[in-house]
1. Which residues, taken from the range 63-103, are over 21 Å from Ala28 (Cα atoms) and either touching a Pro at 6+ places or on another chain (Cβ under 7 Å) or surrounded by fewer than 23 Cβ atoms within 10 Å (Cβ to Cβ) (or both)?
2. With the structure loaded, tell me whether Pro91 is assigned to a helix (DSSP H, G or I) and modelled with pLDDT under 95 or whether it fails that test.
3. Restricting attention to the range 184-194, does a residue exist that is surrounded by 14 or more Cβ atoms within 10 Å (Cβ to Cβ), within 13 Å of the ligand (Cβ to nearest atom), of a type outside the set (D, E, K, R) and farther than 26 Å from Leu57 by Cα?
4. Under the condition of being aliphatic (A, V, I, L, M) and closer than 19 Å to Ala148 by Cα, which residue from the range 82-120 is nearest to the ligand (Cβ to nearest atom)?
5. Identify, by number, the condition in (1) away from the ligand (no atom under 16 Å from the Cβ); (2) over 21 Å from Pro27 (Cβ atoms); (3) at pLDDT 95 or above that Lys151 doesn't meet.
6. Considering only residues that are in contact with a His (Cβ under 6 Å, 6 or more places away or on another chain) and among the small types (Gly, Ala, Ser), which ones fall in the range 134-155?
7. Hey, among Asp154, Asp206, which residue is more than 22 Å from Thr48 (Cα to Cα) and in contact (Cβ under 8 Å) with a residue 60 or more places away in the chain?
8. Pairs under 6 Å by beta carbon, first residue under 12 Å from Trp33 (Cβ atoms) in the range 89-111, partner outside any helix (DSSP H, G or I), six or more apart or different chains?
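The values are calculated or read from the model by the stated rules, or taken from the named source; none is laboratory data. A quick note: this is a predicted structure, and the numbers were derived from the prediction, not measured. Here the Cβ positions follow ideal geometry from the backbone for every residue, glycine too, while neighbour counts run over all protein chains shown.
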Amino acid sequence: MRAVFFPQFRRGELCVRPLLKNTKVIPAAIEKWVLRNLGSIDHERRVTGIASRLFDLTWPFHGLGRVERRLLQMAAMVHDVGRCVDDRTHPQEGARMLLEADQLPLTSSERRSLAYLTRYHRGKPPEMGMDTILRRHDDHEAMRMALALLKSADALDSRVIESPRLMFELNGRRLHVTCLLENDTPKARKVYLRRKKHALMEEMMDCRIDVRVAPLATLKMAA
Ligand SMILES: [Fe+2]
């Protein structure tokens, strides 16, 4: 286990605060590059916050360190950049853009990691070690763990419909996620209750992720 980083972890933690900030580790040049290409980075900032929270909550399951946490946060910022070219093929376009963007302050290893995470944040990823982006000496397992976190974080936000307030509760190896929405619509349930989006995290971390959607009014009434 890469026990080099000890986040603030509280078992059974309940979190209801908005997950919006936590982008300090991302170089300004990368944020500006994404903003220039997409016109907005609101979704990217939310996904960065959610990914960071998931990383910290599930640290006992993945044991990743500061380097991977920072890579995950940067990946959350860049993962959709290829949408400026084509929505359908944005993972491929985004990975290509990252590999070509020499002006970004990234080492070649960071660049490969971000291209890998961007390329496979949608769809079924190739088996470990079977992709064409990472090199033999890169940490394939760590990147697959980070990919699992990115996929789950991205599934808990939307750039099209209302973004939920999120509550997380960890009980043993079960992570309960509640998506609180002003507008609890069938469309929102369809978007936020996609089980397959969390399959990689469940597989890699041997855990279970239960997501439910509830009206935000439930929380307001309880307060
Ligand atoms: Fe996204």
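1. So the first thing to find is which residues in the range 63-103 are over 21 Å from Ala28 (Cα atoms), and the list is 63-65, 85-93.
Within the range 63-103, Gly63, Gly65, Val85, Asp86, Asp87, Arg88, Thr89, His90, Pro91, Gln92, Glu93 qualify.
2. Numbers: assigned to a helix (DSSP H, G or I): yes; modelled with pLDDT under 95: no.
Answer is no for this residue.
3. Scanning the range 184-194, I find no residue that is surrounded by 14 or more Cβ atoms within 10 Å (Cβ to Cβ), within 13 Å of the ligand (Cβ to nearest atom), of a type outside the set (D, E, K, R) and farther than 26 Å from Leu57 by Cα, so the answer is no.
4. First, the residues of the range 82-120 that are aliphatic (A, V, I, L, M): 85, 95, 97-99, 101, 104, 106, 114-115, 117.
Applying the additional criterion that residues be closer than 19 Å to Ala148 by Cα yields 95, 114-115, 117.
Details: Ala95: 14, Leu114: 14, Ala115: 16, Leu117: 12 Å.
The extreme case among them is Leu117.
5. (1)
6. Ser152
7. Numbers: Asp154 fails: more than 22 Å from Thr48 (Cα to Cα).
None of the others qualify; the one that does is Asp206.
8. Pro105/Pro27
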